[in-house]
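> My structure is below; once you've seen it, I'll send some questions.
The values are calculated or read from the model by the stated rules, or taken from the named source; none is laboratory data. Model, not experiment: these values are computed from the prediction. Cβ placement follows ideal geometry from the backbone for every residue including glycine, while neighbour counts extend to all protein chains displayed. Accessible surface is based on the protein model in full, side chains and every heavy atom, while ligands, DNA and RNA are left aside. Shrake-Rupley method; radii C 1.70, N 1.55, O 1.52, S 1.80 Å.
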Amino acid sequence: MKLPLPISNLITFFLQWIWLFVFVLSGLLILIAPLPQSSRTPQKRLIRIEASSFQFTPGQIHINPNDEVTVELVSMDVVHGLSLDGYDFELKADPGQTVSATFVADKAGVFRFRCSVACGNLHPFMIGKLQIGPNQLIIRGIALLILSIVTAFYSVRQIPQLQTRLA
Amino acid sequence: MVRLDLTRYPWALSILRNRWPQFLLRAVTLAGFVFTILTGLFGSVVGSHNFAIIFVWIAWWTALKLFFIPFGGRSWCSICPIPMPGEWLQNGGILMPRGKGFGLNKRWPKALRGSWLQAGGFLLIGLFGALTLTSASVTAFVLLFIIVLAFVLSLVFERRSFCNYLCPIGGFTGLYAQAGPVEVRVKDAEVCASHAEKTCYTACPWGQFPLALKSSANCGLCMECLRVCPSDNIAVNLRPWGSDLGPKTKHRLDEAFLGLIMLASVLVDSAVFLGPWGQIKSAAYAIGSTPWFIFAGVFLFAALVILPGLYAGAVKLSMLMGSSRTTLRKSLAKYSQVLVPLGLMAWIAFTISFAFAKFSYVLPVISDPLGWGWNLIGYSNSAWVGQSTSISLLLQVVMLAVGLAWSSRVALRVSGTHRQALPLVTFSGIFSFSMLWLLIG
């Protein structure tokens, strides 16, 4: 049956782009769906971080949610700072000095820590990584990338079907 | 496909046709360019306190990827200051159309045409990026070298040879402008065919003939064709994103090479500038040292062997799965379209984290551009330590997902069958997962 032109156009438009609506909705679901939280018992930790020309050692740290973390920042050469993304936490250490402060890791995820004192040309890129609990965002990201591929196949597969339906 | 021709609106047509608005914008960018060189040469050696570093590598580089290309294709090229002095000389005046000016007007050597040299230039940016991006004086010398080179070449070669064949940023914008939502096309092909003089081609500084334009890669949106067309037959269209990508468009092997260099560069830049590996940063910065040679070797191996190898393998597999008899060279060129949305969205994802974390430096350097302790607008001491927010991280994931969906869709549309597209989709997937790990992991 051939539909009248305006309705036919509307249906064509809707069917042509339905994959996009499905993609956006499914994507949103992936991004906001609750995931199981870490059940590990919080503990007290002492983490010593050495700051030298454009690097923190260790550069990657993994802790559990709600751990009480004491960070000891040691500057090995010039004045360095440490500022943690997502937390109101900052330290500043003079050369050879050790400074420390404590915070509770009450937000889960992966957070960058950065040097907060201009220490040389590569200062803006002096970055470390603190992972608190499992990295849920990367799990969501992987799911979203898989969804992208599925959506692409679905969207292209739909075109001949659509043409047949409206013929 | 749907197009909205901006020249249908009298106000838009008068703005586009008049040389003054464009000239004023170009005058501002040229003044900014000269000021950037001066601040780079005479300002503070601390990069985060110098206008040259912050404006070139944070403000402009971010604006190019998040604004100019995604919403205007090659719109930056229409106001870029680099070819201006040479073009004025070529045209014999500041507001003159292309014509009897000064210069040898030679044709660019055939062997050097295409995007090969632009890709090479982008590789150089990657190899020396850690120094260039952080040293104000090096940035100033690079900009000075580029504008002098463009000027000298415009005296020897015809039109915008520098932009067409050498400028790495021209290569970058041209490649990704194919996915952009702006195009210049003719309204009625018959009108052009019956017009003997071809004034549009004569006037075009890019050497393009609008009637033959099938891709926006080499059109710099300068509007000269619109200004000289006696029949008002040039349209400036807003179009759906990715209109140049599909089974009916033609692509070249050098586009594939350029696309792969861009993919390698965004991977390496993500590792160097956003990763937690201090040793890689130090190696990338210590130019001439043994660690730098190792870094350069790994970078070049990734850009010239690993990625092209994976891509060529995917294309070869795709060919084996299909029935059409075509050469590997043609298939490599045809599938280069897949690399366009993949690379564009990866660069946007990279830039989001870069911009969010570093934008705090912009106002302070406007207040004190040379780092000499001035406080012109009261923001000299307002720089805070920028950070990635949960929104910026989410946006990065979404951009990578859009890039993968888009490139997979292009692969599927270009391929004869879904089976044939699978290797290219897998290639795009491997790249996207690598980017995800580098940015979010």
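> Provide the FRET efficiency to the nearest 0.05 for the A:Phe103-B:Val148 pair, computing r from the beta carbons and using R0 = 30 Å.
Between A:Phe103 and B:Val148 the formula returns 0.05.
> Per-residue HN-Hα couplings for region B:239-251, Karplus 6.51 cos²θ - 1.76 cosθ + 1.60 at θ = phi - 60°, whole Hz, x for Gly and Pro?
For region B:239-251, the Karplus-derived couplings read 9, x, 4, x, 5, 7, 10, x, x, 9, 8, 9, 9 Hz, x marking Gly and Pro.
> On the principal axes of its Cα set, how long, how wide and how thick is region A:44-133? Give whole Å, largest value first.
Computed over region A:44-133, the largest-to-smallest principal extents equal 33, 22, 20 Å.
> As a quick test, which of the pairs B:Lys100/B:Lys248; B:Lys110/B:Lys214; B:Lys65/B:Lys330 have an alpha carbon distance above 31 angstrom in this structure? Please list the in-between numbers first.
Values: B:Lys100/B:Lys248 38 Å; B:Lys110/B:Lys214 21 Å; B:Lys65/B:Lys330 29 Å.
Violating the 31 Å Cα-Cα cut-off are B:Lys100/B:Lys248.
> For q = 0.07, 0.11, 0.12 Å⁻¹, what log10 I(q)/I(0) does chain B give under the Debye formula with an equal point scatterer on each alpha carbon and no solvent?
Summing over Cα pairs of chain B leads to -0.36, -0.92, -1.09.
> Taking amide H positions as placed 1.01 Å from N in the peptide plane, with prolines and chain starts having none, which residues 5 or more places from A:Gln60, or on another chain, fall under 5 Å of its amide H?
It is A:Lys129, by chain and number.
> Please flag any cysteine in the protein assembly as shown that has no other cysteine's Cβ under 4.7 angstrom from its own Cβ.
A:Cys115, A:Cys119, B:Cys77, B:Cys80, B:Cys163, B:Cys167, B:Cys192, B:Cys204, B:Cys219, B:Cys222, B:Cys229 - these cysteines have no disulfide-compatible partner (Cβ-Cβ under 4.7 Å) in the protein assembly as shown.
> Hey, another quick one. Could you tell me how many cubic angstrom of Cα convex hull volume region B:26-87 has per residue?
On the way: hull volume 4.6 nm³, N = 62.
Output value, Cα hull per residue: 74 Å³.
> May I pose another question? Determine the order of B:Leu24, B:Leu320 by accessible area, beginning with the largest, at a probe radius of 1.4 Å.
Heavy-atom accessible area, descending, gives B:Leu320, B:Leu24.
> Rounded to the nearest 20 debye, what is the charge dipole size of region B:4-177 about its Cα centre when +1 sits on each Lys and Arg Cβ and -1 on each Asp and Glu Cβ?
Roughly 620 debye for region B:4-177.
> FRET efficiency for B:Phe102 and A:Ile47, Cβ-Cβ distance as r, R0 = 60 Å, nearest 0.05? List each step's numbers first, then the result.
On the way: r = 66 Å, r/R0 = 1.10.
About 0.35, to the nearest 0.05.
> Out of A:Ile47, A:Thr12, A:Val69, whose Cα points farthest toward the positive end of the dipole of region A:1-72 (charges: +1 Lys, Arg; -1 Asp, Glu; placed on Cβ)?
With unit charges placed on the Cβ atoms, the residue in question is A:Thr12.
> What figure, in Å² to the nearest 10, do you get for the accessible area of A:Asp106 with a 1.4 Å probe and non-protein molecules left out?
Approximately 100 Å² of A:Asp106 is accessible to the 1.4 Å probe.
> Quickly estimate the mean residue ellipticity at 222 nm for chain A, helices only: each DSSP H run with n ≥ 4 gives -39500 (n - 2.57), and the total goes over all residues, rounded to 500.
-12500 deg cm²/dmol
> Taking every Cα atom in the protein assembly as shown, find the radius of gyration and the maximum pairwise distance Dmax, and write them in Å.
Cα only, the protein assembly as shown: 25.9, 83 Å (Rg, Dmax).
> Right, here's the next one. Applying the Karplus parametrisation 6.51 cos²θ - 1.76 cosθ + 1.60 with θ = phi - 60° to the phi angles of region B:203-214, what ³J(HN,Hα) value in whole Hz is obtained for each residue in order, glycine and proline being reported as x?
Ordered by residue, 3J(HN,Hα) equals 7, 6, x, 9, x, 9, 10, x, 4, 8, 5, 10 Hz.
> Okay, helix-only estimate at 222 nm for chain B: each DSSP H run of n ≥ 4 adds -39500 (n - 2.57), divide by all residues, round to 500 deg cm²/dmol; what do you get?
Result for chain B, helices only: -17000 deg cm²/dmol.
> At a 1.4 Å probe radius, carbon and sulfur cover how many percent of the accessible area of region B:4-177?
Roughly 77 percent, rounded to a whole number.
> Roughly to the nearest percent, how much of the accessible area of chain A is carbon and sulfur, given a 1.4 Å probe?
Reported share for carbon and sulfur atoms: 63 percent.
> So if I restrict to the alpha-carbon atoms in chain A, what is the Rg, and what is Dmax, the biggest pairwise distance, in Å?
Rg then Dmax for chain A, in Å: 25.2, 83.
> For region B:261-440, what % of the accessible area comes from carbon and sulfur atoms, probe 1.4 Å?
Result for region B:261-440: 69 percent of the exposed heavy-atom area is carbon or sulfur.
> For A:Val117, enumerate residues with amide H under 5 Å from its amide H, sequence gap 5+ or separate chain, H modeled in the peptide plane.
Excluding prolines and chain starts, which carry no amide H, the hits are A:Gly81.
> Then there is this: Just to be sure I understand: if you take the accessible area of chain A alone plus chain B alone and subtract the pair, with a 1.4 Å probe, what total do you get in Å², rounded to 100?
For chain A against chain B, roughly 3800 Å² becomes buried.
> In addition: Could you pull the accessible area for B:Met84 with a 1.4 Å probe, rounded to 10 Å²?
Answer for B:Met84: close to 0 Å² accessible.
> Using 5 Å bins from zero, what percent of all Cα-Cα pairs in region B:329-377 falls into each bin?
Going out from 0 Å in 5 Å bins, region B:329-377 shows 5, 17, 13, 11, 11, 11, 8, 7, 7, 6, 3, 2 percent.
> For region A:8-56 and region A:73-131, what is the separation of their C-alpha centers, rounded to whole Å?
So the two Cα centres are separated by 26 Å.
> Another question about this same structure. Can you list the residues of region B:389-437 that have at least 30 square angstrom less accessible area with all protein chains present than in their chain by itself, probe 1.4 Å?
By number: B:Leu393, B:Leu394, B:Val397, B:Ala401, B:Leu404, B:Ala405, B:Arg409, B:Leu412, B:His418, B:Val425, B:Phe433, B:Leu436.
> Follow-up. Which cross-chain or sequence-distant (5 or more) residues have an amide H under 5 Å from the amide H of B:Ile234, H modelled 1.01 Å from N in plane?
Here the answer is B:Lys187, since their amide H atoms fall under 5 Å of that of B:Ile234.
> Right, next: Please report, in debye to the nearest 20, how large the charge dipole of chain B is about its Cα centre when each Lys and Arg carries +1 at its beta carbon and each Asp and Glu carries -1 there.
Computed charge dipole of chain B: roughly 1260 debye.
> With all protein chains present, calculate the accessible area of A:Arg157 using a 1.4 Å probe and round the result to the nearest 10 Å².
Its accessible surface works out to 140 Å², give or take rounding.
> Further question: Starting at the first residue of region B:292-306, write each ³J(HN,Hα) from the Karplus equation 6.51 cos²θ - 1.76 cosθ + 1.60 with θ = phi - 60°, in whole Hz, x for Gly and Pro.
5, 5, 5, 4, 4, x, 5, 4, 5, 5, 5, 6, 9, 10, 5
> Roughly how many whole Å is it from the C-alpha centroid of region B:318-333 to that of region B:101-115?
Each part's Cα centre sits 33 Å from the other's.
> Let me ask you something else. Averaged per residue, what accessible surface does chain B expose to a 1.4 Å probe, in Å²?
42 Å²
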